[in-house]
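Only one structure is covered here, and it is reproduced in the block below.
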Amino acid sequence: MKVLVPVKRVIDYNVKVRVKADGSGVDLANVKMSMNPFDEIAVEEAIRLKEAGKAEEVVAVSIGVKQAQETLRTALAMGADRAILVVAADDVHQDIEPLAVAKILAKVVEEEQPGLVLAGKQAIDNDMNATGQMLSALLGWSQATFASKVNIDGDKAVVTREVDGGLQTIKVNMPTIVTVDLRLNEPRYASLPNIMKAKKKPLDEKTAADYGVDASPRLEVVKTTEPEARQAGEIVPDVDTLVAKLKEKGIV
Amino acid sequence: MHFALTEEQKMIVETTRSFVENELYPHEDEIERTGHLPMEMVRELQAKAMEAGLYAANMPEEVGGAGLDTLSWLLYEKELGRANYALHWTCVARPSNILLAGTDEQKEKYLVPCMKGETWDCLAMTEPGAGSDLRGMTATARQDGDDFILNGTKHFISHADIAGFAIVFMATGEEDTPRGKKKLITAFFVDKGTPGFTVRDGYRNVSHRGYTNSVLEFDECRLPKSAVLGEVHKGFQVANEWLGATRLQVAATCLGRADRALNHAVEYAAERRQFGQQIGKFQGVSFKLADMATELKAANLLTWEAGWKFEQDTVTEADMSMAKLKATEVLAMIADEAIQIHGGMGLMDELPLERIWRDARVERIWEGTSEIQRHIISRELLRPLGG
């Protein structure tokens, strides 16, 4: 079985984001970028499937600007076998929307014929949480989202999903699309010898046009704002005042 | 000329830094408090470091290292250098390059167990009466048939307590040179437990808690000829050929800690408020930050350039001395100023600054004092003019 893992280049989760002066989005110029943490978990899971003998090949794919090549190298250094870069934008500030990504991925799936697509449940930059689901619809494949446990069993996948208030275990038909959640695994470090070897692994470069997909944005960003600064606290003399204040604010 | 890191170099930095932050930092407080590395912790971290391919990554691929070019190796050293020295040296060991100079049998016996983390190496040159003036050493090895008999004392020998063996430099004779008599030096492998070889605890010192040094005593210690590393009387040649980049290693590790201290200072200057504003808005603080960042960048560039030239085989002694001198002195300055910016809090062990400040002190002394580095640099300037 071949596993396809889409990975996205996003602003590093440690970076303190700054909104651009015109409010059109987040400033990404000269900012540290990394692989979306959920995608890292997906890469890790794919490599574990390969190590367990349940997958033969792990192919990482990224859709975005040319610099996403770095993200793919990280996936290769972690242990993916080869990578496909689909250049769909020139400007690092242009986000490629889930539907366009899903359409391109559908074409890649057609070409590559994987038995499983393992994706992050969402990217930490825009939190859309839509690509996996849209890909499932476009391909007519089953889907198992928010996975915290994945067990491939012949032509079925048994997936534990993290849902509000608990866990749900479902069985889906293969081929399938699984989107992974935080607790599925702990991604490994890209080891130094593997980093050195990653350079020799194949990385194909394509464009959105090669797949006949128009990746131009459909959505208009009206405004981007930073979260409101936390208000200063208030010291109250005793518990009674505290309870009264909380009641006043409608919290208790 | 271009200064961008390659994709591989960026990833090496990323992996090493994540490892240092996630696996080493959490143990630092304990080691600062106890001055001791429990062996269970060492074994656990060694295993993790091996999994991440960080253990002994300084070594070539053929012997199980990562096969890094000089610059990549220095970037890796810089990231490791952020953490407590004893932790990274012991748990993410970088066996000495000099082990590569051994015969196949010597590599099998000494290098292989170091690569596997089964033991550690240590190097013994310094003596109570021979520091910067290495040729002044008085410990000797005299030939007796096919054997050598070692006598004398070495001190300040780092990590000799946990090392399974020592690489010991001994005077084996004298030669006449135009500038008078010079001692001939030979390097030997000496196993722990060899009769006549004793390792005693060394001194407690201000820098690098958890780091140990020992006193090595040799009393009619008999070694076979097969214990010679390199050739008889050619100990300095072996050292010069294989230990060339150790000054850059010290420079790189200092850059890591300097960066860590600077980051603390910047964050604190942005957070801390006095007299109604961020202290970073006061020029007394902001100009300090500017100077710290500028000096650190200069030290980084000197080190990377020397590393790049080392790789091209065009490096000079002065290049490496400049990098070592600048990086160690900049670390001292940044550690000191970072504490000044923090005020009283900078001296408390809640923050890593007081330890970075203490740890900085040894860096201007070992691997050649700042004065020796300046001597090397000035010699290169004056020699062409007959100086």
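The values are calculated or read from the model by the stated rules, or taken from the named source; none is laboratory data. These numbers were taken from a predicted model, which means no experiment stands behind them. Neighbour counts are summed over all protein chains in view; Cβ atoms, including those assigned to glycine, are modelled from backbone coordinates with ideal geometry. Note: accessible area is taken over every heavy atom of the protein model, side chains too, but ligands, DNA and RNA are not part of it. Shrake-Rupley method; radii C 1.70, N 1.55, O 1.52, S 1.80 Å.
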With the checklist (1) closer than 24 Å to A:M196 by Cα; (2) open to solvent by less than 30 Å² (accessible area, probe 1.4 Å) in hand, flag the one item B:L37 doesn't pass.
(1)
With the requirement that a residue be within 16 Å of A:E45 (Cβ to Cβ) and exposed (fewer than 13 other Cβ atoms within 10 Å of the Cβ), what does the stretch A:158-180 give you?
none
Looking for whichever is farther than 29 Å from B:L351 by Cα and of a type in the set (A, V, I, L, M) here; the options are B:A245, B:A299, B:A323. Which one fits?
B:A245
Give the stretch A:145-155 a look and list any residue that's free of Cβ contacts under 8 Å to residues at least 24 places away in the same chain and open to solvent by less than 70 Å² (accessible area, probe 1.4 Å), or say none.
A:G154
Which one is nearest to the other protein chains (Cβ to nearest Cβ), of the residues in the stretch B:44-65 that are surrounded by 18 or more Cβ atoms within 10 Å (Cβ to Cβ) and either under 25 Å from B:V315 (Cα atoms) or of a type in the set (V, I, T) (or both)?
B:A57
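Tell me, yes or no, whether the stretch B:82-92 has at least one residue that is of a type in the set (S, T, Y), within 14 Å of chain A (Cβ to nearest Cβ), in a helix (DSSP H, G or I) and surrounded by 22 or more Cβ atoms within 10 Å (Cβ to Cβ).
The answer is no, given that none of the residues of the stretch B:82-92 is of a type in the set (S, T, Y), within 14 Å of chain A (Cβ to nearest Cβ), in a helix (DSSP H, G or I) and surrounded by 22 or more Cβ atoms within 10 Å (Cβ to Cβ).
Every residue, every condition in (1) touching a residue at least 60 places away in the same chain (Cβ under 8 Å); (2) closer than 22 Å to A:T224 by Cα; (3) more than 19 Å from the chain's Cα centre (by Cα), yes or no:
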| residue | (1), (2), (3) |
| --- | --- |
| A:V10 | yes, yes, no |
| A:K16 | no, yes, yes |
| A:V43 | yes, no, no |
| A:E57 | no, no, yes |
When the residues of the stretch B:37-65 are filtered to those that are in a loop (DSSP other than H, G, I, E, B) and over 19 Å from the mean Cα position of the chain (by Cα), which remaining residue is nearest to B:R17 (Cα to Cα)?
B:A52
From the option list B:L68, B:L24, single residue qualifying as within 20 Å of the chain's Cα centre (by Cα) and open to solvent by less than 20 Å² (accessible area, probe 1.4 Å) is B:L24
In the set B:D359, B:D336, the lone residue that is open to solvent by 60 Å² or more (accessible area, probe 1.4 Å), outside any loop (DSSP other than H, G, I, E, B) and modelled with pLDDT of 95 or more is B:D336
Given (1) within 20 Å of A:I47 (Cβ to Cβ); (2) away from chain B (no Cβ under 14 Å); (3) open to solvent by 10 Å² or more (accessible area, probe 1.4 Å), where does A:D95 come up short, assuming only one miss?
(1)
Residue that is nearest to A:T169 (Cα to Cα), among those in the stretch A:110-144 that are among the β-branched types (V, I, T) and surrounded by 20 or more Cβ atoms within 10 Å (Cβ to Cβ)
A:V117
If I filter the stretch A:49-73 down to residues being part of a helix (DSSP H, G or I) and in contact with a helix residue (DSSP H, G or I) (Cβ under 6 Å, 6 or more places away or on another chain), which single residue comes out as surrounded by the most Cβ atoms within 10 Å (Cβ to Cβ)?
A:R73
Complete set of residues in the stretch A:34-48 that are more than 13 Å from A:P6 (Cα to Cα) and open to solvent by less than 20 Å² (accessible area, probe 1.4 Å)
A:S34, A:I47
Looking at the stretch B:171-180, is at least one residue exposed (fewer than 14 other Cβ atoms within 10 Å of the Cβ), over 29 Å from B:V42 (Cβ atoms) and modelled with pLDDT of 95 or more?
no
Somewhere in the stretch A:157-167, is a residue of a type in the set (S, T, Y), farther than 26 Å from A:A88 by Cα and without any contact (Cβ under 8 Å) to a residue 12 or more places away in the chain?
no
I'd like the full set of residues that are part of a strand (DSSP E or B), among the β-branched types (V, I, T) and open to solvent by 30 Å² or more (accessible area, probe 1.4 Å), limited to the stretch B:194-237.
B:T198, B:V199
Given B:Y76, B:Y25, which one is part of a helix (DSSP H, G or I), at the interface with another protein chain (Cβ under 9 Å from one of its Cβ atoms) and at pLDDT 95 or above?
B:Y76
On the basis of being over 18 Å from B:G117 (Cβ atoms), within 11 Å of another protein chain (Cβ to nearest Cβ) and among the charged types (D, E, K, R), does B:R33 make the cut?
no
Which numbered condition B:H155 misses (of (1) outside any loop (DSSP other than H, G, I, E, B); (2) out of contact with any Pro (no Cβ under 6 Å at 6 or more places or on another chain))
(2)
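Quick one: would you say B:M41 is touching a residue at least 12 places away in the same chain (Cβ under 8 Å), more than 13 Å from every other protein chain (Cβ to nearest Cβ) and of a type in the set (A, V, I, L, M, F, W, C)?
Details: touching a residue at least 12 places away in the same chain (Cβ under 8 Å): yes; more than 13 Å from every other protein chain (Cβ to nearest Cβ): yes; of a type in the set (A, V, I, L, M, F, W, C): yes.
Yes, satisfied.
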Looking at (1) within 14 Å of chain A (Cβ to nearest Cβ); (2) over 20 Å from B:E311 (Cα atoms), which one does B:K107 not meet, given that it meets all the others?
(1)
If you scan the stretch B:158-186, which residues turn out to be of a type in the set (G, A, S), within 30 Å of B:V206 (Cα to Cα) and either out of contact with any strand residue (DSSP E or B) (no Cβ under 8 Å at 6 or more places or on another chain) or not in a loop (DSSP other than H, G, I, E, B) (or both)?
B:S158, B:A163, B:A166
Subset of the stretch A:8-34, residues closer than 18 Å to A:I96 by Cα and either touching a Pro at 6+ places or on another chain (Cβ under 9 Å) or in a loop (DSSP other than H, G, I, E, B) (or both), comes to A:K8, A:V10, A:D12, A:S24, A:G25, A:D27, A:L28, A:A29
Tally the residues that are among the aliphatic types (A, V, I, L, M), touching a helix residue (DSSP H, G or I) at 6+ places or on another chain (Cβ under 7 Å) and open to solvent by less than 30 Å² (accessible area, probe 1.4 Å), restricting the search to the stretch B:102-130.
3
Output for the stretch B:5-20, where each listed residue is more than 8 Å from chain A (Cβ to nearest Cβ) and open to solvent by 10 Å² or more (accessible area, probe 1.4 Å)
B:L5, B:T6, B:Q9, B:V13, B:R17
